[in-house]
Amino acid sequence: MAVYTLAFIAYAVDVARRSAAKPVPAEARELVGAGALAGADAPARPDAPARPDASAPLTTASRGARIGFALTVLAWALHLGGALLRGLAAGRVPWSNMYEFALTGVAVIVGVFVLSRLWKDLNFLGVFITGLATVFLGVATVNYYVEVTPLPPALQSYWLVIHVFVATLATGFMGLGTGLSILQLIKEKRDNGFLRSLPSPVQLEDLAYRVGVIGFIFWTFTLMAGAIWAEHAWGRYWGWDTKEVWTFVIWVIYAGYVHARATRGWRGSRSAWLQIIGFTAIIFNFTIVNQFFAGLHAYSGL
């Protein structure tokens, strides 16, 4: 958590610096770049420091963003080590209760962000991801921490590995997509300071949709695997348990999101809000449903 906090600070400082920087007009950048006069009669000095440019790409020219990403990778490595040690201490996979699921789930969310660098540079999401990781881990440690306990009989199955791990993967991609959707909405309303360095709202929406579709595919498998596991554990595929119902509600929201955007032409803020509502339902399912609704999944609140 301490390293995630340092990463968040580095990203936040970079965002503040870029928000305060005045953009350099394109004509001026071209003239200076070509060695033209900078001012009335003073030649441009090749060794002069570059002026802060809020319209420059966030991750390629920003020292703060690079430091933030390096700290995020370090925090993620320590995070994975902690989850691995928890699993070794328990002699099982570390996701049988709310604390362990939060520990693993946040690691997957950060991991998706870190590994996305191989596909697309999403460093502009650094403040959102590291802030989310710090808050979620803090809440989980304060409110949900429990000592290592034996698995209840219903969890003593290989489906625990499959079902819960795929659910965490889905949550990771959906969390990343939600961050992109939030930035899309903000950029649609304002486009100054730090926001000038982000992709356009249309590009953010396209990225959010791609990531959201991957999350939806994993969540579909989560729903199917949960039904198969329920048949093995309780002798029925579906029993309208509160947890089962909310898992299905989340699936319906994301199915509506994918369908509405792909076939109904829902673009812009409506598309973004659907993804945000879906991720909010995931958080509600993990917190409120686990703690305050009775059912066969009550062990998930341990």
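Do we have Ala65 as small (Gly, Ala, Ser) and within 18 Å of Thr178 (Cα to Cα) here?
Against the criterion (small (Gly, Ala, Ser) and within 18 Å of Thr178 (Cα to Cα)), Ala65 does not qualify.
Being out of contact with any helix residue (DSSP H, G or I) (no Cβ under 9 Å at 6 or more places or on another chain) and closer than 27 Å to Leu183 by Cβ is true for just one of Arg196, Arg210, Arg264. Which residue is that?
Arg264
So that you can scan it fast, the table gives a plain yes or no per residue for (1) basic (Lys, Arg); (2) under 24 Å from His163 (Cβ atoms):
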residue: Arg92; (1), (2): yes, yes
residue: Phe101; (1), (2): no, yes
residue: Gly105; (1), (2): no, yes
residue: Val108; (1), (2): no, yes
residue: Ser116; (1), (2): no, no
residue: Thr130; (1), (2): no, no
residue: Val139; (1), (2): no, yes
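For Val146, state whether it is crowded, with 16+ Cβ neighbours inside 10 Å, at pLDDT below 90, of a type in the set (Val, Ile, Thr) and within 14 Å of Pro94 (Cβ to Cβ).
Considered against the rule, which asks whether it is crowded, with 16+ Cβ neighbours inside 10 Å, at pLDDT below 90, of a type in the set (Val, Ile, Thr) and within 14 Å of Pro94 (Cβ to Cβ), Val146 comes out as no.
Keeping to region 115-136, report how many residues are in contact (Cβ under 8 Å) with a residue 12 or more places away in the chain, over 16 Å from Ala208 (Cα atoms) and surrounded by fewer than 20 Cβ atoms within 10 Å (Cβ to Cβ).
Of the residues in that region, 1 qualify.
If Thr222 meets every condition in (1) surrounded by 14 or more Cβ atoms within 10 Å (Cβ to Cβ); (2) more than 17 Å from Thr171 (Cα to Cα) apart from one, which number is that one?
(2) is the only condition that Thr222 fails.
Which ones in region 243-302 are among the aromatic types (Phe, Trp, Tyr) and either surrounded by 14 or more Cβ atoms within 10 Å (Cβ to Cβ) or at pLDDT 85 or above (or both)?
If the condition is that a residue be among the aromatic types (Phe, Trp, Tyr) and either surrounded by 14 or more Cβ atoms within 10 Å (Cβ to Cβ) or at pLDDT 85 or above (or both), then Trp246, Phe248, Trp251, Tyr254, Tyr257, Trp266, Trp273, Phe279, Phe284, Phe286, Phe293, Tyr299 are the ones that fit.
If you go through region 218-275, how many residues are within 30 Å of Ser200 (Cα to Cα), part of a loop (DSSP other than H, G, I, E, B) and touching a residue at least 24 places away in the same chain (Cβ under 8 Å)?
Going through region 218-275 one residue at a time, the tally reaches 2.
Against the condition buried (at least 23 other Cβ atoms within 10 Å of the Cβ) and at pLDDT 90 or above, how does Ala70 come out, does it pass?
Answer is no for this residue.
Can you find a residue that is farther than 27 Å from Phe128 by Cβ, modelled with pLDDT under 90 and not in a helix (DSSP H, G or I) anywhere in region 51-59?
Checked region 51-59: at least one residue is farther than 27 Å from Phe128 by Cβ, modelled with pLDDT under 90 and not in a helix (DSSP H, G or I).
The values are calculated or read from the model by the stated rules, or taken from the named source; none is laboratory data. Note that the coordinates shown come from a computational prediction; the quantities given were computed from them, not determined experimentally. Cβ sites come from the backbone with ideal geometry, for glycine too, and all protein chains shown count toward neighbours.
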